[in-house]
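J.: Please see the structure below; I have some questions.
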Amino acid sequence: MAREASVVANIFTSSEVHTETSLGRYIHQADLLFLTHDTIGQRTYKYALVVVDVASRYVDAKALTSKDSSNVAKAFEKIYSRKLSYPNTIIVDPGKEFMGDVTNLMERHDV
């Protein structure tokens with residue numbers, strides 16, 4: 001039992017970054033968070049797009065002024081231009097913000 005607990009602890013405290021699941025497919029989860037209307041300069045950020053790589057648990061986020069599909073698509077492009085690459089599968093809720101421009105973006109990248 002102690003060895004099993006040690007193995008689990010090593011999995012969750014490992015500094016290695018795994019970017020693939022055992023099936024070899026990249027899977028990300030994404031959703032919008034509601035912010036408390038953070039104002040920076042003349043912009044008020046009401047939302048944040050958060051993307052999580054399921055295998056490595058790496059998280060990236062981008063603040064948004066609105067949650068329309070075009071702004072969310074631009075945020076995905078910004079996030080995927082950093083450290084993450086486009087996944088094979090992305091898990092999102094059925095909200096309208098993930099339709100339209102976001103769907104077109106993901107289709108262009110074979111997601």
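J.: With a point put 7 Å past each Cα toward its Cβ, work out how far THR36 is from ILE91 in nm, to one decimal.
T.: Rounded to a tenth, the inter-label distance reads 3.0 nm.
J.: Taking only C-alpha pairs under 8 Å that are 6+ residues apart, what is the relative contact order of the stretch 24-108 in percent?
T.: It rounds to 30 percent for the stretch 24-108.
J.: Neighbour counts of other C-beta atoms within 10 Å: give me TYR58, TYR47 arranged from fewest to most.
T.: Least crowded to most crowded, the residues run TYR58, TYR47.
J.: Given H placed 1.01 Å from N in the peptide plane, which residues other than close sequence neighbours of LEU35 have an amide H under 5 Å from its amide H?
T.: Answer set, sorted by chain and number: TYR47, ALA48.
J.: Same structure again: Residue-wise, which Karplus ³J(HN,Hα) couplings in Hz belong to the stretch 99-111, taking 6.51 cos²θ - 1.76 cosθ + 1.60, θ = phi - 60°, and x for glycine or proline?
T.: 9, x, 4, 5, 4, 4, 4, 5, 5, 4, 9, 6, 9
Here, each number is a calculation from the coordinates, and none is a lab measurement. All of these numbers come straight from a predicted model, not from anything done at the bench. Cβ coordinates were reconstructed from backbone atoms using ideal geometry, including for glycine residues, and neighbour counts include every protein chain displayed.
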